[in-house]
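Each remark here refers to the structure printed beneath this line.
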Amino acid sequence: MKDSYEDIIRLPHHVSATHPQMPAADRAAQFSPFAALTGYGDIIAETSRNTDIRIEPDEDLREELDLKLRILASHVQNPPEVTLTYFQPDLRKEGGTYRTIVCRITKIDPAAQMIRTEDGLEIPVSDLRAVDGASGGSLPDF
């Protein structure tokens, strides 16, 4: 049986006179894998991200927080360092995260029910879960 390519096997490789040769890196990219479901990995990661459930404070905790905020309001001119624990709602899904920060409170706005820290962070009073004196502050530990 005669080899069917014997008539062309020894011919020189064709090089186009009008089209430039593609660089090897671009040729390799033609055969690289692609993401058929663009964004699917991000959706899976977002779905698997855990959030905490917001726990509503009972009446005793609300009274305790109110007392501590009144004490802090009297020290706004020379704010002591305090440790605040508050609930930060998640912007993308139900729930959120409990965060604890050490800061100085510069303003407590009873009308807006908002606490402003020295760093410019605004925390709604309804999201507050704990207020404690930080060590070394002029306010005694609660």
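The values are calculated or read from the model by the stated rules, or taken from the named source; none is laboratory data. If you're wondering where the values come from, they're calculated on a predicted model, not measured in any experiment. Every residue, glycine as well, gets a Cβ built from its backbone with ideal geometry; the counts of neighbours run over all protein chains shown. Each accessible area value is taken on the protein alone, full model and side chains, heavy atoms only, with ligands, DNA and RNA left out. Shrake-Rupley method; radii C 1.70, N 1.55, O 1.52, S 1.80 Å.
Dividing the helix sum by the residues of the chain, where each DSSP H run of 4 or more adds -39500 (n - 2.57), gives a mean residue ellipticity at 222 nm of -6000 deg cm²/dmol. When the accessible area of the chain is computed with all protein chains present and a 1.4 Å probe, what percentage of it is carbon and sulfur? Roughly 55 percent of what the probe reaches on the chain is carbon or sulfur.
Dipole of segment 1-134 computed with +1 at Lys/Arg Cβ and -1 at Asp/Glu Cβ about the Cα centre; of PRO110, PHE87, ALA36, farthest Cα towards the positive end is ALA36. Contact order, relative form, for segment 15-142: 22 percent (alpha carbon pairs under 8 Å, 6 or more residues apart, mean separation divided by residue count). Assuming charge only on the beta carbon of Lys and Arg (+1) and of Asp and Glu (-1), the dipole of the chain about its Cα centre is about 580 debye to the nearest 20. Note that segment 123-131 has calculated 3J(HN,Hα) couplings of 10, x, 4, 5, 8, 6, 10, 7, 10 Hz, one per residue in order, obtained from phi through the Karplus relation 6.51 cos²θ - 1.76 cosθ + 1.60 (θ = phi - 60°); glycine and proline are x. Under a model in which nothing but the beta-carbon of Lys, Arg (+1) and Asp, Glu (-1) is charged, segment 1-44 shows a dipole of about 80 debye around its Cα centre. Against the chain, whose longest principal axis is taken from its Cα atoms, helix 59-73 shows a tilt of about 80°. Distance from the Cα centroid of segment 3-29 to that of segment 78-124 is 67 Å (rounded to whole angstrom). Treating r as the C-beta distance of ASP3 and ASN50 and R0 as 41 Å, the FRET efficiency rounds to 0.05.
If I model segment 9-75 as equal point scatterers sitting on the Cα atoms and use the Debye formula, what is log10 I(q)/I(0) at q = 0.11, 0.23, 0.24 Å⁻¹? These q points yield log10 I(q)/I(0) values of -0.68, -1.06, -1.09. In this label model, ALA29 and ILE71 are separated by 6.4 nm, measuring between points 7 Å along each Cα→Cβ vector.
Once Cα extents along the principal axes in Å is calculated for the structure shown, the corresponding label among (1) 40, 36, 29; (2) 49, 39, 26; (3) 101, 30, 29 turns out to be (3). Under 5 Å between amide hydrogens, built in the peptide plane, is the criterion, and for LYS107 it picks out ARG116 among residues at least 5 positions away or on other chains.
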